[in-house]
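The structure appears right after this line, and notes come after that.
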Amino acid sequence: MLPRLLLLAFLCLGASLGCRADDGYRLWLKYDELPEASLRKAWQDRARGIVVEGNATPTLQTAAHELQLGLQGLLGRSVPVGAAPGGKGRIRLRVAPDPTLGREGYRISSQKNGLEITGPTDAAVLYGCFALLRQVQTGQRPEQLSLSSQPRIEYRLLNHWDNPNGTVERGYAGSSIWKWLELPDRLDPRYQDYARANASIGINGVVLNNVNASARYLTAEYLQKVAALAGVMRPYGIRVYLSVFWAAPKVIGGLPTSDPLDPKVAQWWKAKTDEIYKAIPDFGGFLVKANSEGEPGPQDYGRNHADGANMLATALGTHDGVVMWRAFVYKANSKGDRFKEAFEEFQPLDGKFSPKVLVQVKNGPIDFQAREPFHPLFGAMPRTPLVLEVQLTQEYLGFATHLVYLGPLIKECLDADTHSQGPGSTVAKVVDGTLEKHSISGIAGVANIGSDRNWTGHPVGQANWYAYGRLAWDHTLSSAAIAEEWTKMTLTREPQALASILPVLNQSRDVYVRYTTPLGLHHIMGQSIHYGPEPWLEKSARPDWTSVYYHKADAEGLGFDRTARGSNALSLYAPGARQVWSNPATCPPDYLLWFHHVGWGQQLSTGRTLWDELTTRYYTGADSVLWMQRQWEQARPALDAELHADVAARLRIQHREALWWRDACVLYFQTYAKRPIPPTLTPPTRPLAEVKELVDLYQLR
Ligand code: BDP
């Protein structure tokens, strides 16, 4: 009797604590009891027990355990694993060949006695279990449940930019979650929760370390640590990968060179690769940043990117791994337009890469700006599988302070039409391999994850991790549908609160663009740390790290002329895509200053002059943050108090900083435009000099 009472007391305490203490650790895998009794009952009838059929592999056991954990929480009663196969209300997990599902697709079907989750591999069944939990969590009913889904992209990776010393390059959520000093002896329980979260959205690979890589990861000592992490990930269908330092044969191999065509170098990589596969038989492969931003690479020896990538592919030999070679390059002393550089280096190499190589391309041609046109390499390398790289960590989007839901940004790139094989040749079809008939395909998200209790710093940063995974699995999902799923699983299913929160998520990226870089402005942020406005920046280690290089403000107007009269970067796009942007009169305003130098007094398609439109966007953008605050406030009754207060506080900072961006940019560009702020707007009350000082404060100079 006593234990029962104690349990009751614990539950009561838990329930009362539950009113305040949502620290975000559980992400979208909340599994709190469904509030609706009838819904609970409907699911309970179909979920009395879980049966694993056939060989209970570690992944199937993991799947059964997760399903049990989830259902017990959501339905508020015990759901045993291993219930009698003949019993009613059982959920059967079964690996079964199904040529219509690919390797990782699942099927959930209602049966007379319950439900069945099947798939051709145990990982597929695991994905099916998470899909079923998602149904329950988002409040769907079980009657006539029939679902099947398979991923459109094969390699769905997170890229961590984590360093051996625990720092995270461009990380804003604490330090690295990988505790290299403790590995391989101690496995932080967090690794498993990380793996659960990834598996729940179909991520099947993680690159553990920064692309600006340390050679240390390839030492025998570190490979043991990597192997320990691989052991945690394996039951979740996740493979580990490493970023490699090109000069490793010199730094840790004692060779005098890293020339990819030197037989000793090739032999070193071959032996190293064999050593890795001995420790980690399902190792995923290598990610390489070479001859970029000071990193060494094959060009140091007069070789090209294909020489380097192919040598590594040869080292992989028959091991089941791939090389992801990054196309994020721009020459150290370039005089041209940085927009064109990756294209000029990589496009001529199309057809020269070996079959195990994928070239990894950022979504846009410059560098993860709040809005970029799609990278011109998409569609222009039909004989090479291209990995789309997007950034989830908000390096250029307000760190972990600004609420910016990235679903629309990722989707905008995936949906962009390259016109490479006529209309409808979207980036998504290039990336998933269907357009150019590739047998391998990949997508990578630069992780926004750190040691903060809630993983991502900003609570809504979790939605970006979630949305990335869901789009990597199925790029045809809408970003709004994903936002709704995430919000229901993570925050609330209360209809009024949803009606307040969802527009905030869906519009947040556009709002951010408006108060930072409207009309196609780009790369005008604070130097080095990439935070806050610094449009006046004119001196840096290289011209293409300044702001004036990109906005080109002068007495006449604003914007980078990339037409034939200017850098002609537009010529890199297929005619159909180019046509959309090449005429300033018809170019969508969101991309205008990416491609055109436009006169201050020029009338835009919006009916306003450039100057008036620019200032109006800065003002409406900053004002929209107040709207976001009001919407968030309305959702308060439905949300955990602590979480609500946290986001509300961040929104206050966001508004202050939106005003900072607005005033900095409007006042600075006014020094060129020499026009008054439109009469409907209230001019900034502080002078430009005062705003400039704020940057110094943030940059800690
Ligand atoms: C830039 C980041 C830099 C990264 C680089 C990259 O500022 O820290 O190393 O991208 O992607 O945006 O390699």
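Quick look at the values:
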read-out: Residue list for the range 48-73, filter: aliphatic (A, V, I, L, M) and within 29 Å of the chain's Cα centre (by Cα); value: Leu60, Ala63, Ala64, Leu67, Leu69, Leu71
read-out: Test result for Arg152, assigned to a strand (DSSP E or B) and either surrounded by 23 or more Cβ atoms within 10 Å (Cβ to Cβ) or in contact with a His (Cβ under 9 Å, 6 or more places away or on another chain) (or both); value: no
read-out: Flag if Phe343 is at negative phi, away from the ligand (no atom under 14 Å from the Cβ), surrounded by 23 or more Cβ atoms within 10 Å (Cβ to Cβ) and within 26 Å of the chain's Cα centre (by Cα); value: no
read-out: Whichever residue in the range 399-433 is charged (D, E, K, R) and within 25 Å of His523 (Cβ to Cβ) and, among such residues, is nearest to the ligand (Cβ to nearest atom); value: Glu412
read-out: Residue within the range 130-144 that is closer than 24 Å to Arg216 by Cα, in contact with a Lys or Arg (Cβ under 8 Å, 6 or more places away or on another chain) and surrounded by 18 or more Cβ atoms within 10 Å (Cβ to Cβ) present; value: no
read-out: Pro189 vs. criteria more than 17 Å from the chain's Cα centre (by Cα) and either closer than 30 Å to Pro99 by Cβ or within 16 Å of the ligand (Cβ to nearest atom) (or both); value: no
read-out: Some residue of the range 257-265 being within 16 Å of the ligand (Cβ to nearest atom) and either buried (at least 19 other Cβ atoms within 10 Å of the Cβ) or of a type in the set (Ser, Thr, Tyr) (or both); value: no
read-out: Unmet requirement for Tyr31, which otherwise passes all of (1) on the phi < 0 side of the Ramachandran plot; (2) surrounded by 12 or more Cβ atoms within 10 Å (Cβ to Cβ); (3) at pLDDT 95 or above; value: (1)
read-out: Within the range 512-528, tally of residues that are in contact with a helix residue (DSSP H, G or I) (Cβ under 6 Å, 6 or more places away or on another chain) and surrounded by fewer than 18 Cβ atoms within 10 Å (Cβ to Cβ); value: 0
read-out: Condition met for Pro260 (under 30 Å from Ala64 (Cβ atoms) and in contact with a Pro (Cβ under 6 Å, 6 or more places away or on another chain)); value: no
read-out: Lone unmet requirement of (1) over 18 Å from Arg371 (Cβ atoms); (2) of a type in the set (A, V, I, L, M, F, W, C); (3) outside any loop (DSSP other than H, G, I, E, B) for Ala585; value: (3)
read-out: Residues (under 17 Å from Ala290 (Cα atoms) and away from the ligand (no atom under 15 Å from the Cβ)) located in the range 358-398; value: Leu358, Leu386
read-out: Tabulated pairs, the range 398-426, first assigned by TED's automatic domain parsing to the domain that holds Val580 and farther than 16 Å from Val387 by Cα, second crowded, with 23+ Cβ neighbours inside 10 Å and at pLDDT 95 or above, C-beta under 7 angstrom, 6+ apart or interchain; value: none
read-out: Filter result for Glu275 (within 16 Å of the ligand (Cβ to nearest atom) and surrounded by fewer than 20 Cβ atoms within 10 Å (Cβ to Cβ)); value: no
read-out: Odd one out for Ala306 among (1) within 16 Å of the ligand (Cβ to nearest atom); (2) under 19 Å from Met381 (Cα atoms); (3) surrounded by 22 or more Cβ atoms within 10 Å (Cβ to Cβ); value: (1)
read-out: Options Thr517, Thr546; residue that is touching a residue at least 60 places away in the same chain (Cβ under 8 Å), within 16 Å of the ligand (Cβ to nearest atom) and of a type in the set (Val, Ile, Thr); value: Thr517
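The values are calculated or read from the model by the stated rules, or taken from the named source; none is laboratory data. Note that the coordinates shown come from a computational prediction; the quantities given were computed from them, not determined experimentally. All Cβ positions, glycine included, derive from the backbone under ideal geometry; neighbour counts span all protein chains shown.
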